[in-house]
Amino acid sequence: MFSKEEAKALRLEFWQKLANRTRRLPGQKGRKKVWIADKTGIKGLDLRFDVGREKIIVALEINIKDEEKRLTLYEKLEAAKSLFENQFGEPMIWDWAYTKDNGREVCRVYVERPGDIYIKETWPEIHRFMIDRMMRLEKAFLDIKDYLKYNPQV
């Protein structure tokens, strides 16, 4: 078991090593890869990494507080499921009522694998998984972004 300070230092090192790995991606020219993350252009829709003691998750998350708006956007995303998953390249987990560790309910479309952020020997494999899946998720999202933004009621 780690002290609070040791755990914090390990998490910080994990994220720094991930950032360093992204510098070697094609087209990055030594710069850290900046994922579109919360700058998706759609309020309340984010691309996320969720890394813990048991699993590693790469997700598209809808975290709009208003449940009706959140579920409406999720239904729209679900309507594009086959296109989205085809572009992503593998089936994903679709959860319209995912409960985060903090108790907040969100909608998530994600992939996961077993993993523990505190086992340094597994970091290279975890980083490869995270980078590969996030690049694929970003590409799949960008293919349907305009459709998700379109609001015929406006």
- Item | The lone exception for residue 140 - which of (1) closer than 22 Å to residue 18 by Cα; (2) among the small types (Gly, Ala, Ser); (3) surrounded by fewer than 17 Cβ atoms within 10 Å (Cβ to Cβ) it fails | (3)
- Query: What single numbered condition from (1) surrounded by 15 or more Cβ atoms within 10 Å (Cβ to Cβ); (2) part of a helix (DSSP H, G or I) fails to hold for residue 47?
  - Reply: (2)
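Among the listed residues 64, 117, 126, 56, identify the single one that is touching a helix residue (DSSP H, G or I) at 6+ places or on another chain (Cβ under 9 Å) and free of Cβ contacts under 8 Å to residues at least 40 places away in the same chain.
One residue alone meets the criteria, 64.
Yes or no, residue by residue, for (1) under 16 Å from the mean Cα position of the chain (by Cα); (2) of a type outside the set (Ser, Thr, Tyr):
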site	(1), (2)
77	yes, yes
82	no, no
85	yes, yes
102	no, yes
109	yes, yes
115	yes, yes
- Message: For region 50-70, which positions are more than 30 Å from residue 10 (Cα to Cα) and crowded, with 16+ Cβ neighbours inside 10 Å?
- Response: 64, 70
- Within region 75-88, how many residues turn out to be small (Gly, Ala, Ser), surrounded by 13 or more Cβ atoms within 10 Å (Cβ to Cβ) and without any contact (Cβ under 8 Å) to a residue 60 or more places away in the chain? 1
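Out of the residues in region 89-110 that are among the aliphatic types (A, V, I, L, M) and buried (at least 20 other Cβ atoms within 10 Å of the Cβ), state the one that is nearest to residue 63 (Cα to Cα).
Here is the first cut: in region 89-110, the ones among the aliphatic types (A, V, I, L, M) are 92-93, 97, 106, 109.
Keeping just the survivors that are buried (at least 20 other Cβ atoms within 10 Å of the Cβ) gives 92, 106, 109.
Numbers: 92: 18, 106: 5, 109: 12 Å.
The residue in question is 106.
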- Message: So, in region 71-118, exactly how many residues are more than 30 Å from residue 10 (Cβ to Cβ) and among the acidic types (Asp, Glu)?
- Response: 3
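Listed here are the residues, each with its yes/no results for (1) part of a loop (DSSP other than H, G, I, E, B); (2) of a type in the set (A, V, I, L, M); (3) within 15 Å of the chain's Cα centre (by Cα); (4) at pLDDT below 90.
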{"position": "18", "(1), (2), (3), (4)": "no, yes, yes, no"}
{"position": "25", "(1), (2), (3), (4)": "yes, yes, no, yes"}
{"position": "36", "(1), (2), (3), (4)": "yes, yes, yes, yes"}
{"position": "40", "(1), (2), (3), (4)": "yes, no, yes, yes"}
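The values are calculated or read from the model by the stated rules, or taken from the named source; none is laboratory data. Just so it is clear, the model here is predicted, and its values are computed rather than measured. All Cβ positions, even for glycine, are placed from backbone atoms using ideal geometry, and neighbour counts span all protein chains on display.
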